[in-house]
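The values are calculated or read from the model by the stated rules, or taken from the named source; none is laboratory data. Nothing here was measured: the structure is a model prediction, and the numbers come from that model. Every residue, glycine as well, gets a Cβ built from its backbone with ideal geometry; the counts of neighbours run over all protein chains shown. All accessible areas refer to the heavy atoms of the entire protein, side chains included, with ligands and DNA or RNA removed. Shrake-Rupley method; radii C 1.70, N 1.55, O 1.52, S 1.80 Å.
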Amino acid sequence: MEQLHRIVPAKDVQFLDGPKSRTYEFGFAWKVFSEFIKGFRTLHFVGPCITVFGSARFKENHPHYESAREMGRQIAILGLTTMTGGGPGTMEAANRGAFEQGGMSVGCNIKLPFEQAANPYVQTTITFEHFFVRKVMLVKYSYAFVIMPGGFGTMDEFFETLTLVQTKTLIQFPIVLFGKDYYAPLLAYMEAMAREGTIAKEDLSLVLLTDSVGEAIQHIDTFIKKNYRQKARKRKWWLFEKKPAAAAERTPTSLQS
């Protein structure tokens with residue numbers, strides 16, 4: 001049987017080109033495994049997180065930047081860690097708000113064809129080669145998602161997480177869509193999906209749409225207090241993890257349902 005091959009394939013996308021030699025496939029699997037282990041080691045002690053997603057394109061003087069900055073500040077006041085994709089724009093703003101408030105600020109960056117350097121407001125940062133590994137980390141350590149206005153990447157992260165909650169792969173996991181005007185057309189389309197029967201009407205209740213940072217934080221705080229309790233965690237160095245410098249004086253905690 002003939003195979004299709006890319007013309008001058010980029011090194012980083014060869015794994016999407018179909019079957020390869022067994023040596024290549026094993027090497028790719030090992031590379032992905034190693035990337036997961038690196039993520040586990042780096043993020044082991046960051047504490048319970050709230051992940052904030054949004055566009056990398058908003059500048060410092062944009063209202064959405066300011067909203068994300070306040071969101072990060074309020075997350076820090078809750079005593080939780082702010083996690084983002086680690087880049088500029090909304091991600092930088094949320095990390096900045098947490099950092100300025102004295103909270104923990106974490107970034108999970110991604111290698112792109114164009115440079116996306118980690119923003120200067122993260123105490124712990126890691127750069128991934130594969131989006132799917134990065135998304136696992138952004139969900140694994142998080143107890144809530146805040147979706148600020150964003151583009152394709154933000155929509156990808158929103159709908160993947162929403163699907164995990166809808167299918168009860170993730171349980172007791174609040175999702176906030178921030179920006180009523182921005183997300184009104186999207187919510188209207190989701191309501192159309194419910195009318196057509198492709199989703200259940202109750203699935204619409206899985207998402208809170210708001211313009212208020214206070215309402216978003218209250219929604220998350222109520223959800224967490226209702227379903228989890230904070231518990232001091234014994235430090236276990238099963239993969240020789242390094243404790244982040246910013247967390248040196250903090251007792252590691254976890255949330256348990």
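Contact list please: Cβ distance under 6 Å, first residue in the range 160-180 and among the β-branched types (Val, Ile, Thr), second residue open to solvent by less than 40 Å² (accessible area, probe 1.4 Å), pairs at least six apart or on different chains.
Hits for this filter: THR161/PHE145; VAL165/PHE173; ILE175/PHE145; ILE175/VAL207; VAL176/VAL146; VAL176/LEU208; VAL176/ALA216.
Among ALA56, ALA76, which is the only one that is in contact with a helix residue (DSSP H, G or I) (Cβ under 8 Å, 6 or more places away or on another chain) and farther than 17 Å from ILE147 by Cβ?
Working: ALA56 fails: farther than 17 Å from ILE147 by Cβ.
None of the others qualify; the one that does is ALA76.
For the subset of the range 1-44 comprising residues that are at pLDDT 90 or above and open to solvent by 60 Å² or more (accessible area, probe 1.4 Å), which member is farthest from THR81 (Cα to Cα)?
Here the answer is THR23.
Taking the residues in the range 177-210 that are out of contact with any Phe, Trp or Tyr (no Cβ under 7 Å at 6 or more places or on another chain) and under 23 Å from LEU80 (Cα atoms) as candidates, determine which candidate is most open to solvent (accessible area, probe 1.4 Å).
LEU206
Go through the range 141-156 residue by residue and tally those that are surrounded by 14 or more Cβ atoms within 10 Å (Cβ to Cβ) and either farther than 16 Å from HIS64 by Cβ or of a type in the set (A, V, I, L, M) (or both).
So the count comes out to 9.
Looking at (1) outside any strand (DSSP E or B); (2) at pLDDT 95 or above, which is the one condition that is false for PHE240?
(2)
Of the residues PHE45, PHE26, PHE58, PHE33, only one is in a loop (DSSP other than H, G, I, E, B) and either touching a Lys or Arg at 6+ places or on another chain (Cβ under 7 Å) or free of Cβ contacts under 8 Å to residues at least 12 places away in the same chain (or both); which? Spell out the reasoning first.
Numbers: PHE26 fails: in a loop (DSSP other than H, G, I, E, B); PHE58 fails: either touching a Lys or Arg at 6+ places or on another chain (Cβ under 7 Å) or free of Cβ contacts under 8 Å to residues at least 12 places away in the same chain (or both); PHE33 fails: in a loop (DSSP other than H, G, I, E, B).
Checking each option against the conditions leaves just PHE45.
Go through (1) closer than 16 Å to LYS225 by Cα; (2) of a type outside the set (Lys, Arg); (3) within 13 Å of the chain's Cα centre (by Cα) for SER55 and report which single condition fails.
(1)
Check PRO63 against each of (1) in contact (Cβ under 8 Å) with a residue 24 or more places away in the chain; (2) surrounded by fewer than 24 Cβ atoms within 10 Å (Cβ to Cβ) and name the one condition it does not meet.
Going through (1) in contact (Cβ under 8 Å) with a residue 24 or more places away in the chain; (2) surrounded by fewer than 24 Cβ atoms within 10 Å (Cβ to Cβ) one by one, PRO63 breaks only (1).
Answer yes or no as to whether THR90 is buried (at least 23 other Cβ atoms within 10 Å of the Cβ), among the β-branched types (Val, Ile, Thr) and under 26 Å from LYS225 (Cα atoms).
On the way: buried (at least 23 other Cβ atoms within 10 Å of the Cβ): yes; among the β-branched types (Val, Ile, Thr): yes; under 26 Å from LYS225 (Cα atoms): no.
Taking the combined requirement at face value, the residue does not satisfy it.
Conditions tested, residue by residue: (1) in a strand (DSSP E or B); (2) among the small types (Gly, Ala, Ser); (3) at pLDDT below 95; (4) over 20 Å from the mean Cα position of the chain (by Cα).
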{"residue": "VAL176", "(1), (2), (3), (4)": "yes, no, no, no"}
{"residue": "ALA192", "(1), (2), (3), (4)": "no, yes, no, yes"}
{"residue": "GLY214", "(1), (2), (3), (4)": "no, yes, no, yes"}
{"residue": "LYS225", "(1), (2), (3), (4)": "no, no, yes, yes"}
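Suppose we keep only residues that are touching a strand residue (DSSP E or B) at 6+ places or on another chain (Cβ under 7 Å) and among the polar types (S, T, N, Q) within the range 91-108. Which one would you say is nearest to PHE40 (Cα to Cα)?
SER105
In this structure, is LEU138 open to solvent by 10 Å² or more (accessible area, probe 1.4 Å), touching a residue at least 60 places away in the same chain (Cβ under 8 Å) and closer than 22 Å to VAL207 by Cβ? Give the derivation first.
On the way: open to solvent by 10 Å² or more (accessible area, probe 1.4 Å): no; touching a residue at least 60 places away in the same chain (Cβ under 8 Å): yes; closer than 22 Å to VAL207 by Cβ: yes.
It is false that LEU138 is open to solvent by 10 Å² or more (accessible area, probe 1.4 Å), touching a residue at least 60 places away in the same chain (Cβ under 8 Å) and closer than 22 Å to VAL207 by Cβ.
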